[in-house]
1. Assuming residue 56 fulfils every condition listed in (1) without any contact (Cβ under 8 Å) to a residue 12 or more places away in the chain; (2) surrounded by 16 or more Cβ atoms within 10 Å (Cβ to Cβ) apart from one, which condition is it?
2. How many residues does the range 22-53 hold that are more than 23 Å from residue 78 (Cα to Cα) and loosely packed, with under 11 Cβ neighbours inside 10 Å?
3. If we scan the range 64-71, do we find a residue that is without any contact (Cβ under 8 Å) to a residue 40 or more places away in the chain, within 30 Å of residue 1 (Cβ to Cβ) and loosely packed, with under 10 Cβ neighbours inside 10 Å?
4. So residue 112 fits all but one of (1) assigned to a strand (DSSP E or B); (2) within 35 Å of the chain's Cα centre (by Cα); (3) at pLDDT below 65; what number is the exception?
């Protein structure tokens, strides 16, 4: 057959090896683009797994390279944020009186906050009080921290004393 076409066997196979992988890569790239567009939240690992299930012989590095070349970025899902405020209740909602208050001196506006701190074997509560004063810096009232106070749970207190 090579003699009939007037080419050497080496030339035929050189041409075939140069052309055949391009066709396979074009078909794979087309399938990758379709999969990435139909599953917008899939990253390269899930796309690799899906293509392997369909019978393609691919690895994750090849899919990652092709996805980068074609700019097929996955959309990140929003992280789960638990609801901390229950707004659908029948209780009276009191207005925020501190919003329109401009403190003119000390001891007019105090703010408190509490947070949990995880230790190795227990939680502790950090309680802090802040006082807004009338001192003006950069156009607004400054905040003076009056000092954080630790409230220990009884088990955490025992645990800390034993250490």
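The values are calculated or read from the model by the stated rules, or taken from the named source; none is laboratory data. This structure is a prediction, so every number in the text was calculated from the model and none was measured. FYI the Cβ positions are ideal-geometry reconstructions off the backbone, even for glycines, and counts take in every protein chain you see.
1. With (1) without any contact (Cβ under 8 Å) to a residue 12 or more places away in the chain; (2) surrounded by 16 or more Cβ atoms within 10 Å (Cβ to Cβ) applied to residue 56, the lone miss is (1).
2. 6
3. No, the conditions are met nowhere in the range 64-71.
4. The failed condition is (3).
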